[in-house]
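Below is one structure, written out as structure tokens, with a few remarks after it.
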Amino acid sequence: MPCYVEFYWTGGTDEFFEGHWVWISTMQKISYTDWFPGNPSDSGSGEDCMEIMVGLSDQDTTWNDVDCSKKANFICEVPYVQCNLANTCTCTMLY
């Protein structure tokens with residue numbers, strides 16, 4: 001069993017419509033999920049942000065819904081620009 005748990009914000013939210021989870025940066029619906037059993041629970045109401053929990057169990061990671069004011073680590077989204085020999089570039093968002 002792990003000795004500690006780390007928490008990371010993901011950018012997932014259901015703040016706009018309860019139970020409908022979207023990525024805040026694009027407002028696209030979240031199609032893949034990896035919720036911890038019993039979640040999202042909106043326990044006590046107001047759990048509108050998604051965090052990744054690392055080290056909670058033997059699983060590598062799992063998701064939890066939590067109050068958006070909770071302090072946690074974060075994962076940044078940055079653009080990745082790749083250019084070919086013809087100087088044509090594409091931009092992809094990396095997490």
Please state, to two decimals, what the Cα-based radius of gyration of the range 6-94 comes to when divided by 2.2 N^0.38 Å (N = residues). 1.31
To the nearest 20 debye, what is the magnitude of the charge dipole of the chain about its Cα centre, counting +1 on the Cβ of each Lys and Arg and -1 on the Cβ of each Asp and Glu? 380 debye
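Where does each of 31-44, 12-25 land if you order them by average Cβ count within 10 Å, highest first? Walk me through the numbers on the way to the answer.
Values: 31-44: 11.6, 12-25: 14.5.
Result, highest mean first: 12-25, 31-44.
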Under the definition of Cα pairs under 8 Å and six or more residues apart, what whole-number percent is the relative contact order of the range 6-94? 28 percent
Residues other than Asn64 with Cβ under 9 Å of its Cβ, Lys/Arg counted +1 and Asp/Glu -1, net out at -3
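No value in this document is a laboratory result; all are computed from the given coordinates. Predicted model, so just to flag it, every value in this text is computed and none were measured. Here Cβ is always computed from backbone atoms with ideal geometry, including for glycine, and neighbour counts include all displayed protein chains.
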